[in-house]
């Protein structure tokens, strides 16, 4: 699998609840239409574990997306469905500090699976 992650803040022109609702109820259904996207997870940052490291004040959320492979990801980025996601993005996110990366996930153990 080809895993990517994005981290950013919610749109400051909306309340946290409004922006989060938009992310869940409008943005996520748009993501579900992106071709080649196998899995999509939203993570809302709730509280910092340590005040000396970035927490919910600096980054409000991150999302994770899994594609079959890099080719599927690249094809998705050129799709009209992704264009709709990108157009919607500023309605719930402040993308001025958007972070994004390809991840190499290493599950070291998983109990109860």
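The values are calculated or read from the model by the stated rules, or taken from the named source; none is laboratory data. Bear in mind that the values here come from a model prediction, so they are computed numbers and not experimental data. Please note: Cβ atoms are built from the backbone with ideal geometry, for glycine as well, and neighbour counts cover all protein chains shown.
Of everything in the range 50-92 that is assigned to a helix (DSSP H, G or I) and over 16 Å from the mean Cα position of the chain (by Cα), the residue that is surrounded by the most Cβ atoms within 10 Å (Cβ to Cβ) is 72. Somewhere in the range 25-44, is a residue touching a strand residue (DSSP E or B) at 6+ places or on another chain (Cβ under 7 Å), without any contact (Cβ under 8 Å) to a residue 24 or more places away in the chain, closer than 17 Å to residue 97 by Cβ and not in a helix (DSSP H, G or I)? Checking the range 25-44: at least one residue is touching a strand residue (DSSP E or B) at 6+ places or on another chain (Cβ under 7 Å), without any contact (Cβ under 8 Å) to a residue 24 or more places away in the chain, closer than 17 Å to residue 97 by Cβ and not in a helix (DSSP H, G or I). Scanning the range 1-19 for residues that are part of a helix (DSSP H, G or I) and either surrounded by fewer than 18 Cβ atoms within 10 Å (Cβ to Cβ) or without any contact (Cβ under 8 Å) to a residue 40 or more places away in the chain (or both) yields a count of 3. Among the residues of the range 33-49, those that are at pLDDT 95 or above, touching a helix residue (DSSP H, G or I) at 6+ places or on another chain (Cβ under 9 Å) and surrounded by fewer than 16 Cβ atoms within 10 Å (Cβ to Cβ) comprise 33, 35, 38, 40, 42. All of 76, 101 fail the test of being touching a helix residue (DSSP H, G or I) at 6+ places or on another chain (Cβ under 8 Å), more than 14 Å from residue 27 (Cβ to Cβ) and modelled with pLDDT of 95 or more, apart from 76.
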